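Structure record follows, encoded as structure tokens.
Just so you know, all these numbers are worked out from the coordinates, no wet-lab data involved. Keep in mind the model is a prediction, meaning the values are calculated, not measured. For neighbour counting, all protein chains shown are included, and Cβ atoms are generated from backbone atoms with ideal geometry for every residue, glycine included.
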Amino acid sequence: MTAPRITVNGTEAPISPAAPHTTVLDFLRERGLTGTKEGCAEGECGACAVLVARPGTNEPTDWVAVNACLLPAATLDGQEVVTSEGLATAGTPGTPGTLHPVQEEMAVRGGSQCGYCTPGFVCSMAAEYYRPDRCAHPDPAEGTDPEHGPNGFDLHALSGNLCRCTGYRPIRDAAFAVGAPADEDPLARRRAQSPPAPVATEYVRDGSAFLRRNTLGETLRLLRERPDAVVVAGSTDWGVEVNIRSRRADCVIAVDRLPELRELRVGSDAVEIGAALTLTEIERRLDGRVPLLAELFPQFASRLIRNGATLGGNLGTGSPIGDSPPVLLALEASVVLADADGERQVPLAEYFTGYRQSVRRPGELIRAVRLPLPLSPVVAFHKIAKRRFDDISSVAVAFALDVEDGIVRKARIGLGGVAATPIRALTTEEALEGRPWTAETVDAAARVLRAEGTPLNDQRASAAYRSAMLGQSLLKLYAQTTEAVSS
Ligand SMILES: Cc1cc2nc3c(=O)[nH]c(=O)nc-3n(C[C@H](O)[C@H](O)[C@H](O)COP(=O)(O)OP(=O)(O)OC[C@H]3O[C@@H](n4cnc5c(N)ncnc54)[C@H](O)[C@@H]3O)c2cc1C
Ligand code: FES
Ligand code: FES
């Protein structure tokens, strides 16, 4: 094993002497790359965004923007990173110091005032600039709406970036003005080559260790030897624990690059999604094939977070307000758990046992999530939060219904934020099944749904509000389905 190092803006940099918990943000700033800023250190502001070369969906490599404040530097051993400083020379090769096209647009359109957020914005913008299918629409005017530019730019690429002083109009103008990368653009050309292969890492300093193995088998054996270890995938939860709650682990084991956890299979009887695929990867690879998941993704955090966050991490955290469990419960998902002795499959409805508790044993990893096919056709995911995007749920409801000849043949409803664990709304499901899909049935079932769970009063919402929102979600779903039929 070679000493851990990261290729930053084309130059290899050793990770040592950073501590194993040191974030990519601190690592970069220590090296003088102070364009990468710390705003919040908890994934909320995007001032720390950098680009990482990752396996692509349509090209071998995608440039993916991630929150450097949440990722341990050791997790990027052997990987390639580009910062705002690196962009400045990449956009116009051979002319060091020249602005990258996204930087140029930000400058000329007044997208930057104090400039604190700007390096993060340009990194998120550059990731979207280099997205291979961005300009693919044959008629750019047709792809235009308030959130998509005539150049195919998806504004949600910037949903994890906050600006306190410029205002977003000029930033949007800059995003919608960028063209296509030039043929000689080195970062555009880089997409045609494979991303760096994951490397095994053994980084030990001052009594703490960051370890990565190449295969699932080796990782599970290591986990058996180190049951005290913290498993880390995208680190969007763990990074917050480290930065805000000052948690430290004697041993961290990375699972995010394990090939066995990064497979996505669509079979005749099930869709199996690897636990370490990021939400962005799942979204792009499924491309709408699981409509309820397609409704979840845009409502889950921001693009920056989704570029790191995994389903394994969302279930591993076991938060009662996690957004994927209600959806996965409605889809009747099972969790595939693996340890050094083999695998077992547990229905998600039996997985959670208490507040942040599950049936997962020490030494076990979530390898995948399985969704049985066929999928129910009437689906909706309603996330009730204070903001439309990038906010934590007060309550979340996912529906998956089979309505045949006007009768509800099957109803599956997943709830988050109304109990110590995500739950199925079993009584409401019963109140719907076998009954006509009519306003009367739905009104009665909505009253039942309001009484599901034991919602709490807290700073996010009152129990009464949460209950009311449950009932409203079913009424909303009914209104949407009948609108769809009558239009
Ligand atoms: C700004 C911000 C916004 C967020 N918004 C949302 C949101 O809208 N909705 C939402 O649900 N969550 C949200 N989150 C929480 C977080 O992004 C998700 O929980 C995410 O899915 C965690 O995935 P990860 O890979 O980053 O997990 P990590 O941080 O790597 O790990 C989280 C936990 O899961 C365990 N774990 C990871 N992978 C596995 C595995 N394969 N097997 C067993 N255990 C495993 C780890 O040991 C750890 O305990 C947000 C977080 C931040 C910082
Ligand atoms: S510093 Fe705010 S998201 Fe990283
Ligand atoms: S330019 Fe000042 S915070 Fe965005």
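Please give the charge dipole size of the chain, origin at the Cα centre, charges +1 on K and R Cβ atoms and -1 on D and E Cβ atoms. Round to the nearest 20 debye. Mind dumping the intermediate values first?
Details: 51 positive and 61 negative charges, 184 e Å.
So the magnitude is around 880 debye.
Against the main long axis of the alpha-carbon atoms of the chain, helix 118-129 sits at an angle near 70°. Take the Cβ-Cβ distance between residue 114 and residue 147 as r, set R0 to 22 Å, and report the resulting FRET efficiency rounded to the nearest 0.05. Using R0 = 22 Å, I get an efficiency of 0.30.
For the chain, the pair-distance distribution built from all alpha carbon pairs, in bins 20 Å wide starting at 0, is 23, 54, 22, 1 percent. 3J(HN,Hα) along the range 53-65: 7, 10, x, x, 8, 10, 9, x, 10, 10, 8, 10, 8 Hz, from the Karplus curve 6.51 cos²θ - 1.76 cosθ + 1.60 with θ = phi - 60°, whole Hz, x for Gly and Pro.
Would you kindly state how much longer the chain becomes between residue 57 and residue 34 on full extension, computed as 0.36 nm times their sequence separation minus their alpha carbon distance, in nm to one decimal? Write out the running numbers ahead of the final one.
Working: separation 23, 0.36 × 23 = 8.28 nm, distance 3.09 nm.
Roughly 5.2 nm would be gained on extension.
Only one residue of 415, 449, 427 has its Cα farthest out toward the positive end of the dipole of the range 379-449, where Lys and Arg carry +1 and Asp and Glu -1 on Cβ, and that residue is 415. With both labels modelled 7 Å from their Cα along Cα-to-Cβ, the residue 168 to residue 199 distance reads 4.0 nm. Taking the number of Cβ atoms within 10 Å of each Cβ as an exposure proxy, the fewest-first ranking of 315, 328 is 315, 328.
Just to verify a number: FRET efficiency for residue 361 and residue 135, C-beta to C-beta distance, R0 = 41 Å, to 0.05?
Details: r = 48 Å, r/R0 = 1.18.
Computed FRET efficiency for residue 361 and residue 135 comes out at 0.25.
Here's the picture: a label point sits 7 Å out from the Cα of residue 444 along the beta-carbon direction, and within the range 375-405 the residues with their amide nitrogen under 20 Å of it are 401-405. Annotation for the range 352-400 versus the range 231-286: alpha-carbon center distance of 15 Å.
A cut-off of 5 Å between modelled amide H atoms, ignoring neighbours fewer than 5 places along the same chain, links residue 5 with 15, 78. Placing unit charges on each Cβ (+1 for Lys and Arg, -1 for Asp and Glu) gives the range 1-196 a dipole about its Cα centre, and among 194, 15, 124 the Cα reaching farthest toward its positive end belongs to 15.
If one computes P(r) from the Cα atoms of the range 344-487, what percent of pairs lie at distances over 21 Å?
Working: 4925 of 10296 pairs.
Here the tail beyond 21 Å accounts for 48 percent of pairs.
What does a probe at residue 1 reach in the range 62-87, counting residues whose amide N is under 17 Å from the point 7 Å along Cα→Cβ? Only 72-79 fall inside the zone, counting backbone N under 17 Å. One chain, two ends: residue 386 and residue 208. Fully extended at 0.36 nm per residue, the span grows by 60.1 nm beyond their Cα-Cα distance.
Extending 7 Å from Cα along the Cβ direction at residue 464 and again at residue 192 yields two label points whose distance is 6.5 nm. For the range 184-201, backbone phi angles converted through the Karplus equation (6.51, -1.76, 1.60; θ = phi - 60°) give residue-by-residue couplings of 8, 4, x, 6, 5, 5, 4, 5, 7, 9, 5, x, x, 5, x, 10, 5, 10 Hz, Gly and Pro being listed as x.
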